[in-house]
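Only one structure is covered here, and it is reproduced in the block below.
The values are calculated or read from the model by the stated rules, or taken from the named source; none is laboratory data. A quick note: this is a predicted structure, and the numbers were derived from the prediction, not measured. Note that each Cβ is placed from the backbone with ideal geometry, even for glycine, and that neighbours are counted across all protein chains shown.
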């Protein structure tokens, strides 16, 4: 019995740690860190400074984790109404609002300071802009307008720009190209998710395009248009000397495949086709960026 009693605090501590980890949206946070690292690699004029890369990664991961926690704090009441999110730590009552607020602010402040001290001031400013636009602009807009998707694509596209700035101390056309690739990628990615969970978003009070347009025709058109734009901007690195012919071929093949999934969804707006589009988007981005970085 004593052994069992002694094990209970350890189990509770692990569960609490898992809840704090959930607040950071680890899948998104890792993706943010990876795109920042790609921006740093591509922006490095010579051999990469690995120490600075580690500082960039650490500061970016902390900032993203803190912003995710604050996002969950603001959306806790809406999350409680949705099947997909009702078991998150805040709506389920396992963590309190005050402690999550402190947790999020500390991580954001620590991440921004780390970027300023470990990379440069420009990177820290871009990191702060990412946090503010995600938490202060995108998150409140989610409950007000379907245009939030476009607004939310801005902070999602800034991490590779942060990486570029960390490498060069400035932002130029190469950083803009990376921004555009991430910006246009997010739109079909998120619309696919929003279609899959449109009933949930309606229950949560989020006026997403897939909620306001029940038959999905507008969402389908937007998926095709934004994916076409993504295909075009994904070719720019080859046109501006950031990549060679191997990348150009890969970008065309990947873009054509991704567009095919988008067209299939636009023709028949079903959950299976939205799911295939969503997972195609998850596969597309790391392969494209990996090819851009290393081909």
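Things to note:
- Selected residue [outside the structural domain of residue 162 (by TED's automatic domain parsing) and closer than 27 Å to residue 78 by Cβ] from 255, 239, 260, 204: 204
- Test: residue in segment 4-25 that is within 28 Å of residue 283 (Cα to Cα), without any contact (Cβ under 8 Å) to a residue 40 or more places away in the chain, not in a loop (DSSP other than H, G, I, E, B) and not assigned by TED's automatic domain parsing to the domain that holds residue 203: yes
- Among the residues here, residue 80 qualifies as over 16 Å from the mean Cα position of the chain (by Cα) and surrounded by fewer than 19 Cβ atoms within 10 Å (Cβ to Cβ).
- Exactly one residue out of 51, 11, 32, 38 is surrounded by fewer than 21 Cβ atoms within 10 Å (Cβ to Cβ) and modelled with pLDDT of 95 or more, and it is 51.
- Residues of segment 158-174 that are closer than 21 Å to residue 58 by Cβ and assigned to a helix (DSSP H, G or I): 159, 160, 161, 162, 163, 164, 165, 166, 167, 168.
- Test: residue in segment 86-101 that is free of Cβ contacts under 8 Å to residues at least 24 places away in the same chain and outside any loop (DSSP other than H, G, I, E, B): yes
- Annotation note: of 240, 206, 258, the sole residue that is buried (at least 22 other Cβ atoms within 10 Å of the Cβ) and farther than 28 Å from residue 86 by Cα is 258.
- Checking segment 210-230 against the condition returns a match, with at least one residue being in a loop (DSSP other than H, G, I, E, B), within 26 Å of residue 140 (Cβ to Cβ) and free of Cβ contacts under 8 Å to residues at least 24 places away in the same chain.
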